[in-house]
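A quick write-up on the structure given underneath.
The values are calculated or read from the model by the stated rules, or taken from the named source; none is laboratory data. A quick note: this is a predicted structure, and the numbers were derived from the prediction, not measured. When we count neighbours, we look across all protein chains shown, and the Cβ atoms used for this are built from the backbone with ideal geometry, even at glycine.
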Amino acid sequence: MKSGSRRTSSDTGPARMPGLDGTWEVRRTGGLLPPLVGVRKRIAGGRGVTSVGPLPGVPFRIAGLELRYAAPFGGFVDVLSPAGDGFDGRATFRGREFGRFRMTPILS
């Protein structure tokens with residue numbers, strides 16, 4: 001690396017988990033989350049968006065198995081664990097879990 005250049009996530013390896021790209025249905029499995037009817041996560045590359053029905057979505061970036069939401073939702077992070085054909089998730093705010101969910105792929 002050249003002197004004075006900054007390291008990026010691509011310098012240290014992939015910033016995202018393979019297999020996350022695509023559209024996902026999200027279902028509540030516990031905690032303080034609402035039922036999540038119509039909630040989808042759309043992921044491409046190292047970024048994605050969580051949306052409800054036709055409403056504009058909330059953007060996030062991917063860091064390993066974490067979905068880190070952009071401002072003004074900067075304290076929110078979804079922490080994922082592979083589970084079968086999808087992922088189990090823990091919804092956190094500033095490191096504290098407040099809900100759990102399951103992501104399953106929507107096949108097109």
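Overview of results
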{"item": "Number of the exception - Thr104 against (1) touching a residue at least 24 places away in the same chain (Cβ under 8 Å); (2) surrounded by fewer than 12 Cβ atoms within 10 Å (Cβ to Cβ); (3) of a type in the set (S, T, N, Q)", "result": "(2)"}
{"item": "Strands (runs of 3 or more DSSP E) completely within the stretch 36-108 that count 3 or more residues being of a type in the set (A, V, I, L, M, F, W, C), more than 13 Å from Trp24 (Cα to Cα) and under 13 Å from the mean Cα position of the chain (by Cα)", "result": "58-63, 76-83"}
{"item": "Matching residues in the stretch 69-92 - criterion: being surrounded by fewer than 15 Cβ atoms within 10 Å (Cβ to Cβ) and in contact with a Phe, Trp or Tyr (Cβ under 7 Å, 6 or more places away or on another chain)", "result": "Ala70, Gly75, Ser81"}
{"item": "When residues of the stretch 37-62 are limited to those that are of a type in the set (A, V, I, L, M, F, W, C) and out of contact with any Phe, Trp or Tyr (no Cβ under 8 Å at 6 or more places or on another chain), the one farthest from Met103 (Cα to Cα)", "result": "Leu55"}
{"item": "Residues of the stretch 53-64 that turn out to be farther than 16 Å from Arg94 by Cα, modelled with pLDDT of 95 or more and among the aliphatic types (A, V, I, L, M), as a count", "result": "2"}
{"item": "Answer residue from the stretch 64-88, given it is free of Cβ contacts under 8 Å to residues at least 40 places away in the same chain and among the small types (Gly, Ala, Ser) and is nearest to Val49 (Cα to Cα) among those", "result": "Ala70"}
{"item": "Any hit, the stretch 18-39, residues being at pLDDT 90 or above, hydrophobic (A, V, I, L, M, F, W, C), within 19 Å of Val77 (Cβ to Cβ) and loosely packed, with under 12 Cβ neighbours inside 10 Å", "result": "yes"}
{"item": "Where a residue in the stretch 40-53 is over 16 Å from Thr104 (Cβ atoms) and without any contact (Cβ under 8 Å) to a residue 60 or more places away in the chain and its partner, wherever it lies, is surrounded by 15 or more Cβ atoms within 10 Å (Cβ to Cβ) and of a type in the set (Gly, Ala, Ser), with Cβ under 6 Å and at least six apart", "result": "Gly46/Ala15"}
